[in-house]
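The values are calculated or read from the model by the stated rules, or taken from the named source; none is laboratory data. This structure is a prediction, so every number in the text was calculated from the model and none was measured. When we count neighbours, we look across all protein chains shown, and the Cβ atoms used for this are built from the backbone with ideal geometry, even at glycine. Only protein heavy atoms, including side chains, enter the accessible area calculation; ligands, DNA and RNA are left aside. Shrake-Rupley method; radii C 1.70, N 1.55, O 1.52, S 1.80 Å.
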Amino acid sequence: MKVSMRWGMWVSLMLATTIAGCGTSKQEEKAAADATAKAAGFTPPAVMSRVDFGTSMDRRFRRLDRNADDRITPDELPRRTARMMQLDKDQNGAVSAIEWSEGTLKWFDTMDLNRDGTVTSEEHEAWRKAHPRGLSGSDADANGDADPVGDALTNTIGNAN
């Protein structure tokens with residue numbers, strides 16, 4: 001009896017192992033789907049809420065504020081010509097955390113075309129087509145400054161540090 005019971009357990013274990021080895025794992029399936037989408041040039045739609053965007057922009061502010069004095073001065077910017085200094089509303093030569101927050105949320109709100117508190121990748125693209133020179137009317141590429149909403153939608157900011 002013990003031999004047949006052990007034999008049955010061994011067969012069950014081997015069968016389970018064989019079945020588990022068949023097919024692909026979820027990770028392999030996801031990797032294959034991602035590769036196919038990338039090869040086809042597909043970018044999945046993205047949605048960014050106003051709250052998530054504000055959090056992302058706060059992380060960006062903290063990363064730019066290298067001396068941690070709650071102000072961004074021109075010497076802390078990646079480029080001297082960065083549009084970010086337009087957020088300096090009191091013209092004191094530095095962008096405070098409040099000026100930064102108000103300014104970046106204003107950028108977000110202008111792209112929230114249907115005013116539902118989120119910006120989708122479709123809204124962002126429509127806004128960019130309607131405003132090819134950005135909020136300030138200056139050429140963003142010439143100024144060398146990134147589009148904060150677009151960066152947040154594509155998850156390219158706020159992840160480091």
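Conditions (1) exposed (fewer than 15 other Cβ atoms within 10 Å of the Cβ); (2) assigned to a helix (DSSP H, G or I); (3) among the aromatic types (Phe, Trp, Tyr); (4) in contact with a His (Cβ under 7 Å, 6 or more places away or on another chain), marked per residue:
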site	(1), (2), (3), (4)
Gly41	yes, no, no, no
Pro44	yes, no, no, no
Met48	no, no, no, no
Phe53	no, yes, yes, no
Ser56	no, yes, no, no
Pro78	yes, no, no, no
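The set of residues in the range 64-96 being over 24 Å from the mean Cα position of the chain (by Cα) and of a type in the set (Lys, Arg) consists of Arg80, Lys89. Restricting attention to the range 86-116, the residues that are open to solvent by 30 Å² or more (accessible area, probe 1.4 Å) and either part of a loop (DSSP other than H, G, I, E, B) or over 27 Å from Ser49 (Cβ atoms) (or both) total 9. Annotation: of all residues in the range 117-154 being modelled with pLDDT of 85 or more and surrounded by fewer than 15 Cβ atoms within 10 Å (Cβ to Cβ), the one that is farthest from Arg79 (Cα to Cα) is Gly117.
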